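Before any comments, here is the structure.
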Amino acid sequence: MVFNRLLSLMLVIGFLVTSNAFGIQITLVQDDIVTQEFDDPEHSAIVNPANERLIGGSGVAFIIQRACGDKFVEALKAIPLKTENGVDIRCEVGGARAMQSFNLKKKNENYAHWVLNAVGPDVKGKINRSISRKKQAKNKKDLLIKACRNTLDKAEKKDITTVAFTAISTGIFGYDIEEATPVQVKAVLRYLKKHQNFDEIRFVVYSDEHYEVYKEVLDGLVKKEKLAAVKVSNNKKNKETKKRCYSF
């Protein structure tokens, strides 16, 4: 009798673990995107806030390209150009492309093996020009939602189970961080409701300001979206790192 009960309990525990019944972990962390470490790096990706040509750029996009090295850039250049509204592009605004991380994964065995290049709206219209600045600004919310959804679609197709997002479109593209953050977070959570194949989604920010904006948005969704705050930590390698975790 006791043996049968123990066996039943073990089977239930096994089911909970294998079916991800404890939920998807949502993590907010203030840290460098290129030095994120993962338990399963072969099935992990960082998100590059790319432009429609996928190469060049500044800020986070430049940092990621430099960390991944020349072969990464060459692989992006090998993607055929297509013409939209007279402009040569490799990825449409709102689209995404998956790419191996090349040199990045060689630097540390726990670094992501994948980069998901997400093209968000360019509100200022200085770089992405296949869609007019006016249309990108007007449709910025829908285009950002589309970029997040396509990024996660690409992740699923590559069996990527952990994705570390950056604040897409909030840099040189000019999307206000306080406007963009709830759009991005809600788009990701909405996607996860129908796609249970992920283990963790991270939102990685660099500044105190951005961390506080994401924290406020995530904390505000604890009841509305059935998020559960599970812990606040952390001290990493003697460097103070803000981190907040939720279960979804």
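We did not get these values from a lab; they are worked out from the coordinates using the rules stated. These figures come from a predicted structure and were not determined experimentally. No Cβ is skipped: glycine too gets one built from the backbone with ideal geometry, and neighbour counts run over all protein chains shown.
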For the range 37-198, averaging the sequence separation of alpha carbon pairs under 8 Å that lie six or more residues apart and dividing by its residue count, the contact order in percent is 28 percent
Note on the chain: helices (DSSP H) long enough, at least 15 Å by alpha carbon along their axis, and hydrophobic enough, mean Kyte-Doolittle at least 1.6, are 2-18
Quick one: net charge around GLN184, please, counting Lys, Arg +1 and Asp, Glu -1 for every other residue with C-beta under 13 Å from its C-beta. +3
Using just the helices of the chain, give the 222 nm mean residue ellipticity in deg cm²/dmol: DSSP H runs with n ≥ 4 each add -39,500 (n - 2.57), and the total is spread over all residues, rounded to 500. -12500 deg cm²/dmol
Charge tally in the Cβ shell below 12 Å around LEU143, where Lys, Arg are +1 and Asp, Glu are -1, LEU143 excluded: +2
Antiparallel DSSP beta bridges within the chain, percent to nearest 5: 50 percent
For peptides 143-149, 50-56, sequence by mean Cβ density within 10 Å, most packed first: 143-149, 50-56
Placing +1 at every Lys and Arg Cβ and -1 at every Asp and Glu Cβ, with all other atoms neutral, what dipole size does the chain have around its Cα centre, in debye to the nearest 20? 540 debye
Quarter of the Cα convex hull surface for the range 37-198, i.e. its orientation-mean projected area (nm²): 8.8 nm²
How do 34-45, 70-81 rank on mean C-beta neighbours within 10 Å, highest first? 34-45, 70-81
